[in-house]
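The values are calculated or read from the model by the stated rules, or taken from the named source; none is laboratory data. It should be emphasised that the depicted structure is a prediction, and the values quoted were computed from it without experimental measurement. Cβ atoms come from the backbone with ideal geometry, glycine included; neighbour counts cover every protein chain shown. For the accessible areas, the whole protein counts, side chains as well, though only heavy atoms, and no ligand, DNA or RNA atoms are used. Shrake-Rupley method; radii C 1.70, N 1.55, O 1.52, S 1.80 Å.
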Amino acid sequence: MEKLSVAATIFCAVVLAALAAAGGEAAVVEHTFVVHEMNQTHMCNTTKIYVVNGQLPGPTIDVTDGDTVVVHVVNRLPHGLTIHWHGVRQIRSRWSDGAGFVTECPISPGGEHMYRFNVTGQVGTLWWHAHVNCLRAKVAGAFIIRPKGGRYPFPTPAKDVPIIIGEWWELDLVELDKRMHDGNFADNPLSATINGKLSDLKNCSGKPEESFVLDVVRGETYLLRIVNTALFSEYYSKVAGHTFTVVGADGYYLTPYKTDMVTVAPGEAIDVLMAADAPPAHCHMVALANQPPEPDPQIPRFDSRGLVRYAGSSHNNNGLSVPTPLMPSQHNTMPSYYFHNNLTGLAHPDRHCVPMHVDERLYFTLSLGSICRNGTKTCQRRRSRETIVVATMNNVSFRHPTNTSSSRGTTTAGQVACTQRTSPTIHHTRTTTPTAP
Ligand SMILES: [Cu+2]
């Protein structure tokens, strides 16, 4: 029954999206997300993971600018859960933002919740993810917003393909969250992944892991929607023998920018056009995590690779070796700086220009810090249960609003007072001045 209802909602979503794409009325795109535990085996070890509808990465939400999105979330986990629609502006629907303990209480184990919101004035790629604990490392998927009438500001691509860069964790993600709350940041994933695949760079007793394969036809252009769902690492991505034209980021068009390498930060989505203009053969796509050099704390090298396979090329690539792109050193973070500095919004005649006169310049420092659990100013800071790790802005962590409005039990700043804890591992953030970890 449940499988049927999931299939029915997906079918319904596809039909409505197709009608909208044909230039009809805005559609209501409806999905059912059943979040559950599942075992998966990689590199000889079986690990319990958290997924939506048995899929890793999770289902893609595919809508057109102006559509309404309805997602029924069924929580079959033993933990509280919310789903956040990363980057969706939530105009007049802030209660659907899915930020646990901020705009809603987590959906209880065994509970259900319906998210409903409109997508307006954004086009390109965003993503969705769980917003409690570290579950977002697995409970995540692409969120595609197409332009009305299929009118892109660039030639319509032959096909578009979500490329979800992620990481494979053997450590239970709830346990990971607990350890981070205790100030322990020494845990690492086992491997990078592309669309959930660890790739043939990893093996179990000599048997290579599966790789993501992108099938292309020479002469066609593909829109790659590259999303980084990793918890911490920024990734470089290249395809051997091909260049990219960057056309969008985080749900907005960009002035087209040509490069042979994309840099994508955790949580970021970059849209690129890739012309399949190489001689018909096979070539590798690589994703490599970068990191600042020592004395910063070091992580192992994380990379994954996929195969770009041209139609008409032989199964064994005519016995030739498959070219792999030359990647920068993982310790060279300058390409990230240059890449992001080259991204500029696409000027739109209907939209306001950026104001050129600045009255006041504001500086924001975003960081991580720790606060003492017992509310005091001094406690043992590192690897200690005496502290809670918090995100900070100008060295101030989340501040609970004090003004409560009567509607929906939220405060004027949209923050929810959760009276019951739905998971033994979730901690409320307290406000005090944190100290850098
Ligand atoms: Cu997010």
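Test LYS202 against the criterion of being crowded, with 20+ Cβ neighbours inside 10 Å, out of contact with any helix residue (DSSP H, G or I) (no Cβ under 7 Å at 6 or more places or on another chain) and modelled with pLDDT of 95 or more, and give yes or no. Judged against the criteria, LYS202 is not a match.
Residue count for region 78-93 satisfying the condition of being more than 16 Å from the ligand (Cβ to nearest atom) and surrounded by fewer than 23 Cβ atoms within 10 Å (Cβ to Cβ): 4.
Hey, ILE163 hits all of (1) within 22 Å of the chain's Cα centre (by Cα); (2) within 28 Å of GLY369 (Cβ to Cβ); (3) surrounded by 15 or more Cβ atoms within 10 Å (Cβ to Cβ) but one; which does it fall short on? Answer for ILE163: the failing condition is (2). The strands (runs of 3 or more DSSP E) found wholly in region 21-86 and carrying at least 2 residues that are farther than 13 Å from ALA130 by Cα occupy 28-42, 45-52, 61-64, 68-75.
Checked against (1) under 27 Å from ARG76 (Cβ atoms); (2) open to solvent by 60 Å² or more (accessible area, probe 1.4 Å), ALA130 passes all but condition (2). Where strands (runs of 3 or more DSSP E) fall entirely within region 96-199, those with at least 1 residues that are within 16 Å of the ligand (Cβ to nearest atom) and not hydroxyl-bearing (Ser, Thr, Tyr) are at 112-118, 124-130, 140-146, 159-168.
When region 233-274 is filtered for residues that are free of Cβ contacts under 8 Å to residues at least 40 places away in the same chain and within 16 Å of ALA140 (Cβ to Cβ), only PRO266 remains. Evaluation of GLU220 against the conditions (1) within 16 Å of the ligand (Cβ to nearest atom); (2) in contact (Cβ under 8 Å) with a residue 60 or more places away in the chain; (3) acidic (Asp, Glu) shows that the sole unmet condition is (1).
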